[in-house]
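Trainee: The following block contains the structure, expressed as structure tokens.
The values are calculated or read from the model by the stated rules, or taken from the named source; none is laboratory data. No experiment lies behind these values; they were computed from the predicted model shown. Cβ sites come from the backbone with ideal geometry, for glycine too, and all protein chains shown count toward neighbours. These accessible areas exclude ligands, DNA and RNA; they are computed on the full protein's heavy atoms, side chains included. Shrake-Rupley method; radii C 1.70, N 1.55, O 1.52, S 1.80 Å.
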Number of protein chains: 2
Amino acid sequence: MTILIIFNQADAEEFRNHLIALSGCPDVRIWPNVGDPSDIECVILWKQDEGLLGQFPNLKLIASYGAGVENILYDTSIPDGVPVTRFVDDTLSDQMAEFVLAAILNHRLHITHYRELQAASHWRPGYFLKGKKVTILGMGELGNCTATLLTTNGYKVSGWSRTEKNIVNVKSYFGDDQLNISLKDADYVICLLPLTPATTHILNSDLFKTMKTGAYLINVGRGDHLNEDDLLDALYKEQISGALLDVFSTEPLPDDHPFWRHPKIHITPHISSPTDKVQVAIQILENYKRMKAGQSLINQVDPKRSY
Amino acid sequence: MTILIIFNQADAEEFRNHLIALSGCPDVRIWPNVGDPSDIECVILWKQDEGLLGQFPNLKLIASYGAGVENILYDTSIPDGVPVTRFVDDTLSDQMAEFVLAAILNHRLHITHYRELQAASHWRPGYFLKGKKVTILGMGELGNCTATLLTTNGYKVSGWSRTEKNIVNVKSYFGDDQLNISLKDADYVICLLPLTPATTHILNSDLFKTMKTGAYLINVGRGDHLNEDDLLDALYKEQISGALLDVFSTEPLPDDHPFWRHPKIHITPHISSPTDKVQVAIQILENYKRMKAGQSLINQVDPKRSY
């Protein structure tokens, strides 16, 4: 068994140690030290250069290190019939749900705002914002778990997704036709969509115009869901009141990016669902074993839907 | 029926309008324009000068504008037998619970911290803090409601109070003997005690030394629960990691107070349980009616316990 890890060096070394400790198999290589390409049966990756995956004639499993696979599937060199899997775990969903609740509470109760006033010794009490209507775009595992936590905390939640969902106390909107209506009453719009050609730049001027004036955007999906210029424009025109962004088209966000100093944009450095490396390793090794035994895999991706 | 309102002028005018609108009775006076002191049957107040309450020979009801009565009961001129009531409502409890959850999430997920890093374009992702053990000092309406919300959100909650409490999933500690043991495992210590001679400066060096190293303090009780110098000392010695303070001995917090610029102290301007003026007016007018009819009052204070 030979595994190739393709991602940045510091993370890769730590992850390799977990894989070796859990599997007892020492042959875990780190890109670009591939050795003989025909040894490689499994690659674990987050994103790769176009054409790379076509170089391994004995490849049997392509495992994403994260929940998303948009950085992988675009590669036309992926050999036909090689399964692609992604990482799904409840911890990730729980953390995401908690992050979204924290972001909403922080905005409604002005917690960070008071810390900013504090720097100038300003004592300016205000009331909690009353608006508790939330629309979640994307109702997969993360969206579902987030919706459930928010309803438990007294929020009125709607979800929008490709197909209809049936979740207790969550109004389901689905399909392109219902996107606008799902948004129009929301005080908070949360993006938890998978990134696909259809959802790239879905957070754009049209969407901001549809949102309720003064609503707040939280993007915890992917950076490319957002049209950055359109957000700046919508904030300038006060169509929406602000945004918390955890994901960006380029990460880390470049030093000279206008988002850094924007008073209405709260930046968090992609921390909404930190990956538990041990859990990733366990799940990938389980799939490797299943693949060897000819069994069906867990969390296999349908390339047609991109998730 | 003549009511006297004793508090700062701006608030008093607005509150008087609510009282007149709800009662249909126009004779609501605002201190210091008392007129004939023998007219006054009901005073509504937050705090008053010593001796003031003895000036009204026909006083029949003393109503606190808030949940606390510590600013009222110290007055030795309160005529014997005149009932003192306080304001209690579920909205207040819900808001307090929400505020405490927001404060904990903000600390565990570093939401405000990232906003501070943002000012310097710093991208420094970190993990959520795992510690979810909370001890609430004071298990009255507010403590009870807060404990329930936190347990719903997956926190392990203990409560400390004068007498034993029986709340689902909340470990009850009680009496002076059990204060220390209630604190020692907590990642978060929340003060929601009533202010009495026994609880004044209860948040002091002894308590900070008992807390787990690195624990976080949230004071949403009263400013005088906290010994301010002891907090600065405990933060300097890194016995505790930080504090969110919503209440202060002097409010607004004076401009030159060292808390304003302290990196480990997060100040909010007494917003954890904003009073709904209309609800206060409704509750006080109900008690006024009951008093006139010789019925028992709602939320009457036992002066011996001070709450």
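Trainee: Report, by residue number, each residue of segment B:8-29 that is in contact with a Leu (Cβ under 9 Å, 6 or more places away or on another chain) and either surrounded by fewer than 18 Cβ atoms within 10 Å (Cβ to Cβ) or without any contact (Cβ under 8 Å) to a residue 24 or more places away in the chain (or both).
Mentor: B:Leu22, B:Cys25, listed by residue number.
Trainee: Hey, A:Ala102 hits all of (1) open to solvent by less than 30 Å² (accessible area, probe 1.4 Å); (2) more than 17 Å from B:His113 (Cβ to Cβ); (3) not basic (Lys, Arg) but one; which does it fall short on?
Mentor: It fails just one condition, (2).
Trainee: Further question on the same structure: Can you pull out every residue in segment A:72-120 that is polar (S, T, N, Q), within 22 Å of A:Ile282 (Cβ to Cβ) and more than 12 Å from chain B (Cβ to nearest Cβ)?
Mentor: A:Thr85, A:Ser93, listed by residue number.
Trainee: B:Val170 - would you say it is touching a strand residue (DSSP E or B) at 6+ places or on another chain (Cβ under 8 Å), within 14 Å of another protein chain (Cβ to nearest Cβ) and either within 18 Å of A:Leu149 (Cβ to Cβ) or touching a residue at least 12 places away in the same chain (Cβ under 8 Å) (or both)?
Mentor: So B:Val170 does not fit the description; no.
Trainee: For segment A:35-125, which fully contained helices (runs of 4 or more DSSP H) count at least 2 residues that are modelled with pLDDT of 90 or more? Break it down into steps so the answer makes sense when it comes.
Mentor: Values: elements: A:70-73, A:90-108, A:111-118.
Qualifying helices (runs of 4 or more DSSP H): A:90-108, A:111-118.
Results for (1) over 17 Å from the mean Cα position of the chain (by Cα); (2) within 14 Å of chain A (Cβ to nearest Cβ), shown as yes or no for each residue.
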{"residue": "B:Glu141", "(1), (2)": "no, no"}
{"residue": "B:Tyr155", "(1), (2)": "yes, yes"}
{"residue": "B:Ser161", "(1), (2)": "no, no"}
{"residue": "B:Glu164", "(1), (2)": "yes, no"}
{"residue": "B:Leu179", "(1), (2)": "yes, no"}
{"residue": "B:Lys212", "(1), (2)": "yes, no"}
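Trainee: Okay, next question. Does segment B:134-161 hold any residues that are touching a Phe, Trp or Tyr at 6+ places or on another chain (Cβ under 9 Å) and either surrounded by fewer than 18 Cβ atoms within 10 Å (Cβ to Cβ) or modelled with pLDDT under 95 (or both), and which are they?
Mentor: Within segment B:134-161, B:Gly140 is the sole residue that qualifies.
Trainee: Can you tell me which residues in segment A:118-152 are touching a Lys or Arg at 6+ places or on another chain (Cβ under 6 Å) and over 22 Å from A:Lys184 (Cβ atoms)?
Mentor: Listed by number, the list holds a single entry, A:Phe128.
Trainee: Wholly within segment A:192-307, which helices (runs of 4 or more DSSP H) include no fewer than the required count, namely at least 2 residues that are open to solvent by less than 40 Å² (accessible area, probe 1.4 Å) and at pLDDT below 95?
Mentor: A:277-292
Trainee: Only residues that are of a type in the set (Val, Ile, Thr) and either buried (at least 17 other Cβ atoms within 10 Å of the Cβ) or not in a helix (DSSP H, G or I) (or both): list them for segment B:168-191, please.
Mentor: B:Val168, B:Val170, B:Val189, B:Ile190
Trainee: Let me ask something additional. Quick test of your reading of the structure: A:Leu59 fulfils all but one of (1) closer than 26 Å to A:Gly138 by Cβ; (2) free of Cβ contacts under 8 Å to residues at least 40 places away in the same chain. Name the failing condition by number.
Mentor: Of everything listed in (1) closer than 26 Å to A:Gly138 by Cβ; (2) free of Cβ contacts under 8 Å to residues at least 40 places away in the same chain, A:Leu59 misses just condition (1).
Trainee: Looking at A:Tyr65, A:Tyr74, which is the one that is aromatic (Phe, Trp, Tyr) and open to solvent by 40 Å² or more (accessible area, probe 1.4 Å)? Quick ask: steps written out before the conclusion?
Mentor: On the way: A:Tyr65 fails: open to solvent by 40 Å² or more (accessible area, probe 1.4 Å).
It is A:Tyr74.
Trainee: List pairs: first residue in segment A:237-265 and more than 10 Å from chain B (Cβ to nearest Cβ), second residue surrounded by 13 or more Cβ atoms within 10 Å (Cβ to Cβ) and hydroxyl-bearing (Ser, Thr, Tyr) anywhere in the structure, Cβ distance under 6 angstrom, at least six positions apart or on different chains.
Mentor: Taking only residues 6 or more apart or on different chains, the pairs are A:Ser241/A:Tyr216; A:Gly242/A:Tyr216.
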